[in-house]
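**Student:** Quick one: this structure, given as C-alpha cells, is what I'll be asking you about.
The values are calculated or read from the model by the stated rules, or taken from the named source; none is laboratory data. Owing to the predicted nature of the structure, the values given are computational and were not obtained by experimental measurement. Cβ: placed from backbone, ideal geometry, glycine included. Neighbour counts: every protein chain shown.
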Amino acid sequence: MKIGTYEIYSLTSAILFAIGLGGVFLAKHFLRKIIATIIMGAGVFLCFVSFAKRDALTFADPIPHALVITGIVVAVTAAAFALSLARRIHKLTGEDTFGNEK
Amino acid sequence: MLTLKHFLSGSVYDNIALRLVVASFLVKNVFSMDAFFIIVIIFLLLNIGLGLIRLWRGPSIADRLLTTQLFGTAGMAILMVMAGYLNDLTLLNVVITFNVLSIILVICLVQVWKKKKGEAP
Amino acid sequence: MKEFPTSALPALLVGLPMLLATMSLFFRVKGRALLGVLGSFLVGSLAFFAFIEVAKYGTIIHILGGWEPPLGILLRIDPLAAVFIGLTAIIGIFISLYSWWYFRARIASIGRFPLFWPLWFFLWAGLNGLFLSNDLFNLYVTIEVITICAVALAVLSGEAKALKAGLRYLLAAIIGSMAYLFGVALIYGSTGTLDLNLLGEVLKPGNTKTFALIVITLGLLIKKAAFPFHFWLPPAHSAALAPVSALLSALVVKGAFYMMLRLWTEVFEVSLTFAAGQLIGITGAAAVLWGSWQALLQTNFKLLVAHSSVAQMGYLLMMFPLLIMAPGQDADSAEWLAPAWTAGIFQVMAHAFAKASLFLSAGIVVMALGHDRIESLRDLVAWMPMTAMAIGIAGVSLIGLPPSGGFLAKWMLLKGVFLSGQWWWAPAILAGSLLTAGYVFMLLRLAFAPARVKDPFRPVPKILQVCALLLALGSFLIVIPAENLIQFLEGSKSFGSGIESIMKGGGYGNE
Amino acid sequence: MDILIDSLLAILTIYLAFRCMLAPKLSKAVFVFFAFGLMLALAWIRLGAVDVAIAEAAIASGFMGVLMLDSLRDFSLIFSKNQERLEETASKIPIKKDSYHWTTALALGLGLILFLLISIQAIWEVPQGGGLTAIAEANLPMSGVEHPVTAVLLNYRAYDTWLEIGVILMGLLAIFAAGGLKQYRKPGLAPAQDPLLRKTILIFTPVLFLFGAFLLYFGKMGPGGAFQAAVLWGAIGILLHLGGWTVFTVIPRRMRQILVTIGLGFFMILGFTQMATGGAFFEYPPAYAGFLILVVETLAAISIAAALTAIFAFLTK
Amino acid sequence: MMIKEIFIVILLVAGCFFFLAGTLGLLRFPDLFSRLHALTNADNLGLGFIAAGIALYIASPWATVKIFFIWILTLLSSATSSYLIARFQREQEKSKNGEEE
C-alpha cells in the first residue's frame, strides 16, 4: 500500500465530509450549521481535486479544477443566502436555532 | 597549535581543503535544498499550530483576529517557500491574493463591530 | 450521439427563460408581471414546439459549444424529457396567469413581490436545464439553481415562519446536493467522464460505484423529501405564497425524482440489487402512510395539502422496486415494466395538476378569508362554487377515483405490483388511497356544510378560480391522450426499461 | 519527504474542521473556520490546483470571512421580538451550548463513523479513471486560451460557467427576497472617521483593482481568471462600503441593474448570436475565441463583483 | 552556487526564527497591545527574510519584483491593521464592552 499525496488528501476529504455532515445535523446554531455545509463542500471538492492529482499526466487534470471552482462559487452563494436567511430570522424573532420543532 | 611550520609545510591548507571538500560533499549529497524547504514549511506549519492556542484562548475578538493575521502571514511565508520548492512562480499570485485581502477582515472588524448601542443595525 | 438530429431547441429552452428573467429585472412591477405572463406563453409555445419536434424526429440533441462529450456538455431532449418540459410549461402558464392576478390583488399590502417574476423564470430555466441535462456535474448546477430559486420564492412573504422553513429547506437541499456531488466526484475519479450516456457504458460495478449510488440516492431522497427526510417539506410548502407553493409542490420536487429516475435506469443499472429497490419502496410506502395520516390530522388547509404532497411523492418512490428484477427474472420479458413506468409518469402529471390546483385554491381561500383554517371552509360551495369544485376534482384525482389521472396512475401501479408478484405494496397503496379519501372528503364535507357563523368572505377575482379549476380539470384530461402519450414515451431509451439485479448469473463483476 | 507536509497539513485541516464544529463559543468557531480556509488553500497548492487555491484564498479571507465576521456580530446582539431595533450589545450573554442526550449523540456518532468508514473504503478503491487530461490538452490550441482550466471553464464547459454566473445573480435576488427590498434604501455603515483608515482603503482600492485585472488577463495563460478577479474587485466594493462610501447604493438604479446582469446577459447574447449564425450555443468562432473569452470574462467579473458588493451591502444593513 | 545556497539557508532560518519569536510573543505576552507589538514586528521581519531568501533562490527579475511588492504590501497592511486593532481594542475597553462573551 503506497501512501502519497493523493491518498492522504482523499482520506482527508472523506473525513471532512463526515465532519460536515455530522455538523449540519448536530450543531444547533444557524451559523455553525452553515459553516458545516461549507466544510462538507470542502470535503467534496478536495475529493475531486485529489483525483485530478492522481490522474495527472503532463499537467493535472483541468476538468476537476474547473468543476471545483464552479462548485465553490455555487456553494458560497448558497451559504451567503443561508446566512442572510439566518440573520433575518434572528433579527425578526431573536432566535438563532431551530429550537425544538425538528 | 598552529605554527609557522605548519603553514610553510602546507599541511593546514590540506586540512582546510579537505574540510571544504567534505563540506561541499555534504552540501551536495546529504543536504539538499528541497529537504531544507520542507523543513522550513513544516516549521511554519507547526508555528501556525502553536498560534491556534491563542486563537483558542482569546480572550477578546481582537486577539483572535490578530491570530488570524499571524496565520495569514505564516501562510504567505509557506506559500513563498512552496513557490521555491515547487519552482512554480504562479504561487506568488496566491500570496498576493492573501496579501491584498488580509486587511479586509481587520477593517470589517473595526467598522462593523464598533457600532454603538442604540444605533440602528 | 451522432445519430440524433441536432437542433437549437434544447439550448433555447434553457436560454429563453433565462433571458426573460434577466430582462424582467429591468422592468418595474407592472412591466414585470406583463413580461412574465407573455414570457410564460412564449416559453410554453417553445416547449410545445419542442414536444412536436420530438414526436416527429425522436430524441434531439444540442452539443454545447461544439465540444462533444466527454469534454463538453450535451443537451438532450428525449420523449421523457419532453413530457416533463411540457408539464412544466402547462403548469407554468397557469401559475403565471394566476400570479398576475394574485399579486395585483395583494400588491398594496407587501411590496416585494416583484422579485417573484425573475426568480420564477430562473427557476423555469433551471427546471428545463435539469430535464435536458445529460451531464452529472451540470445536473448539480441545475439543481442548485432550482434550490436557490425555490427557497427564495418560498421566503418571498418575508414572515419569520416562512424564513425558518426556508432556511431548513435550504440546509436540507445543500446537504442533498453535497451528497450528490460527493457521488459525482467518486464516479468521475473512477471513470473520467461525466456524460450519462458514456457512463452507462464505462461504469464498472464495485464498491466505489455502490457507494456513489448510495450517496447520490440519499442526496436526491433528501431533495425530494422522501420519508425520513421529509421534515423540511410541509413547513416550507405551507408557509410560502400560494402560487409559489403550487410551483414547489407541482414542479420542484419532481426535478429530483426525474434525476433519480434517469440515474437509476441509465447509469446505475448494474449496481442495483433487489434489496435496494425494496428499501426505496419501503420509504415510499412509509411516506404514503405517514403523509396521509398527518394530512388527516391537520387543521390548516395548506399544511394539509403539503403533507399530502409527502404522501403522493411516496407513490412515485414505489415505482422503483418494480423496475428492479428479482433474481431470476428477465427484464426483457417482464410485462409489469410498462405499467410501472406509466404509473410513475402519470402520477407525476396527475399530482402536479392536482396539487397545483389545490395550492392555488388554498391561496384563493386565504385571500378570501385571511387565514386557512379548515373549519372556516364551511359553506364554501355557496360562496365560491368554482373553488369548491376545483378542490373536489383535484381531491378525487389525489384519491385515485376513476376516471382521473390519479386513478390511472394508481391502477397501473397496482397492476404492476401484482404482475411482478410484489403484492406486498398493494396494502400500502390502498391504505394511502383510503386515508387520502378521508382528508379529501373531510374538506368536501365542510365545503358543503352550512356555515354556523358567516365568516366575511372577501371577493376574489374570478380568473384565479378559473385557473385553479382548469388545473384541476387537467388532472382528468391527461387521461384522454394516455394511449398516445405512452406510445410517444416509448421512443425514449429509458422508458419501459427494467434493471436486472446483479445477483443474476453471478454478477457483472466477472466481466 | 513530501508526505510529511501533506500529512501535517491534512491533520491540521481535519483538526480545525473538528474544532470548528465543537468549539464551545461561536466566535471561536468562526475564527477557527478562517484558519481552516487557509489550510485548505495550502492543500489546494499541494494538489497542484493553483486556480482553486486563488479562489479559496479570495473567498475564505475575502468574501466569506467578511460575511462571517459581520454575521457573528449580528448573532451576538439581541434584537427585541418583532422589532428590527438593537436592544443591547449582548456580549455578556453566552451562546447556548450544543448539547444532546447521550444516546442521540452516540447513535449519530456511530452512524457517522460507519458512514466515514464506508466512504473511506469506497474512496480507497476508486479505480484509475484516467481523467480527461489528454483530450483537454489535445483541444487546447482550438480553445483560444493556453491555460487548460480557463479553457474548460470558458469554452469546453461554458454552459456550466454561464449557469454559475446566473446562480450568483439568483443568490443576490434570493438575498433580497429574504431581507425585503425596502431595507436596501437605508443608510449604510457610518463613514470612517479615522483618516488612516480612509487612506488605507483608498490605497488598497487601486491595488486590488490592478491585481484583479492582472489575474483576469493572466487567466489566459496561467492560474487566474474571471472568478478570482471578480472576488478581488468585489473586495473593492466591500472595502468602500466598510469605509462608508456606499457606492452600490449611490449609483443609479438602471446602472446597478446593468452592472449586475451584464455578465450573464452578454454571455447569453453571444450564445444566441452564435446559434443564429448556425453554430452551437457558446461556440466561439475560432479566430476570435481568445478575444471573446477575454470580453466574456471581464464582463462576468464585473457582474460578479457588483453582485458580491451588493450582497455585502445588503447584508450589513 | 554554494555561497548563494548558504545565504538562502541563513535567510530562511532567520525568517523562521522571527516567526517563532512572534508566535511565542503572541502566546506568552500578557495583553493584546504587547502581543500586537511582538507579533507584527517579528512577523514582518520574518516574512521579509523568507521573501529575500526565496527571491534569491528563484532569481528571476519578475519574481523578485513581485516578492518585493508582496513584502511592501505586507508592511503596509500589517502596520495599518495593528494600528486599527489597537485602536479598536482601546475603544472597546473604554466603553467597557471589551470582554467578549
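**Student:** Any residue at all in the stretch C:88-95 that's within 14 Å of chain D (Cβ to nearest Cβ), out of contact with any strand residue (DSSP E or B) (no Cβ under 8 Å at 6 or more places or on another chain) and of a type in the set (Phe, Trp, Tyr)?
**Tutor:** no
**Student:** Right, next: Got a sec? Which helices (runs of 4 or more DSSP H) wholly within the stretch C:223-325 have at least 3 residues that are among the aliphatic types (A, V, I, L, M) and buried (at least 23 other Cβ atoms within 10 Å of the Cβ)?
**Tutor:** Counting at least 3 such residues, we get C:233-239, C:242-247, C:253-266, C:274-297, C:301-317.
**Student:** Taking the stretch E:56-82 only, how many residues are touching a Lys or Arg at 6+ places or on another chain (Cβ under 9 Å) and of a type outside the set (S, T, N, Q)?
**Tutor:** Of the residues in that region, 3 qualify.
**Student:** Restricting to the stretch D:138-155, what's the tally of residues that are out of contact with any Ser or Thr (no Cβ under 7 Å at 6 or more places or on another chain) and within 7 Å of another protein chain (Cβ to nearest Cβ)?
**Tutor:** The number of residues fulfilling the criteria is 4.
**Student:** Here is a follow-up. Only one of C:Ser157, C:Ser109 is out of contact with any helix residue (DSSP H, G or I) (no Cβ under 9 Å at 6 or more places or on another chain), surrounded by fewer than 24 Cβ atoms within 10 Å (Cβ to Cβ) and at pLDDT below 95; which?
**Tutor:** From the options C:Ser157, C:Ser109, the qualifying one is C:Ser109.
**Student:** Next up: Would you tally the residues in the stretch A:5-55 being more than 7 Å from every other protein chain (Cβ to nearest Cβ) and surrounded by fewer than 24 Cβ atoms within 10 Å (Cβ to Cβ)?
**Tutor:** Here the count works out to 3.
**Student:** On to the next question. In the stretch A:59-77, how many are facing chain D (nearest Cβ under 7 Å) and either not in a helix (DSSP H, G or I) or not polar (S, T, N, Q) (or both)?
**Tutor:** Matching residues across the stretch A:59-77 total 13.
**Student:** Does C:Gly126 satisfy the criteria of being in contact with an Asp or Glu (Cβ under 9 Å, 6 or more places away or on another chain), at pLDDT 95 or above and buried (at least 24 other Cβ atoms within 10 Å of the Cβ)?
**Tutor:** Here the answer is yes, as C:Gly126 does meet what is asked.
**Student:** When both residues are 6+ apart or on different chains and their Cβ atoms are under 6 Å apart, which pairs have a first residue that lies in the stretch C:220-249 and is touching a residue at least 12 places away in the same chain (Cβ under 8 Å), and a second that is part of a loop (DSSP other than H, G, I, E, B) and among the hydrophobic types (A, V, I, L, M, F, W, C)?
**Tutor:** What qualifies is C:Leu233/C:Ala225; C:Leu241/C:Leu156.
**Student:** Pairs only if they're at least six apart or on different chains, beta carbon under 6 angstrom, first in the stretch C:343-369 and over 15 Å from C:Leu97 (Cβ atoms), second polar (S, T, N, Q) and surrounded by fewer than 24 Cβ atoms within 10 Å (Cβ to Cβ); list them, first residue then second.
**Tutor:** What qualifies is C:Leu369/C:Ser376.
**Student:** Which numbered condition in (1) surrounded by fewer than 24 Cβ atoms within 10 Å (Cβ to Cβ); (2) of a type in the set (D, E, K, R); (3) more than 22 Å from A:Phe25 (Cβ to Cβ) is the only one that C:Arg168 fails?
**Tutor:** (3)
**Student:** What are the residues in the stretch A:45-102 that are at pLDDT below 85, in contact with a helix residue (DSSP H, G or I) (Cβ under 6 Å, 6 or more places away or on another chain) and β-branched (Val, Ile, Thr), if any?
**Tutor:** A:Thr93
**Student:** Could we say that D:Pro206 is within 11 Å of chain B (Cβ to nearest Cβ), assigned to a helix (DSSP H, G or I) and out of contact with any Gly (no Cβ under 8 Å at 6 or more places or on another chain) here?
**Tutor:** It is true that D:Pro206 is within 11 Å of chain B (Cβ to nearest Cβ), assigned to a helix (DSSP H, G or I) and out of contact with any Gly (no Cβ under 8 Å at 6 or more places or on another chain).
**Student:** Can you name the condition, by its number, that B:Leu52 falls short on among (1) modelled with pLDDT under 85; (2) assigned by TED's automatic domain parsing to the domain that holds B:Thr73?
**Tutor:** Here B:Leu52 meets the rest and fails (1).
**Student:** Answer yes or no as to whether B:Ala77 is facing chain E (nearest Cβ under 7 Å), in contact with a Cys (Cβ under 9 Å, 6 or more places away or on another chain), part of a helix (DSSP H, G or I) and more than 19 Å from E:Thr80 (Cα to Cα).
**Tutor:** So B:Ala77 passes the test.
**Student:** Checking E:Asn97 against (1) modelled with pLDDT of 85 or more; (2) facing another protein chain (nearest Cβ under 8 Å); (3) surrounded by 15 or more Cβ atoms within 10 Å (Cβ to Cβ), which test does it fail?
**Tutor:** (1)
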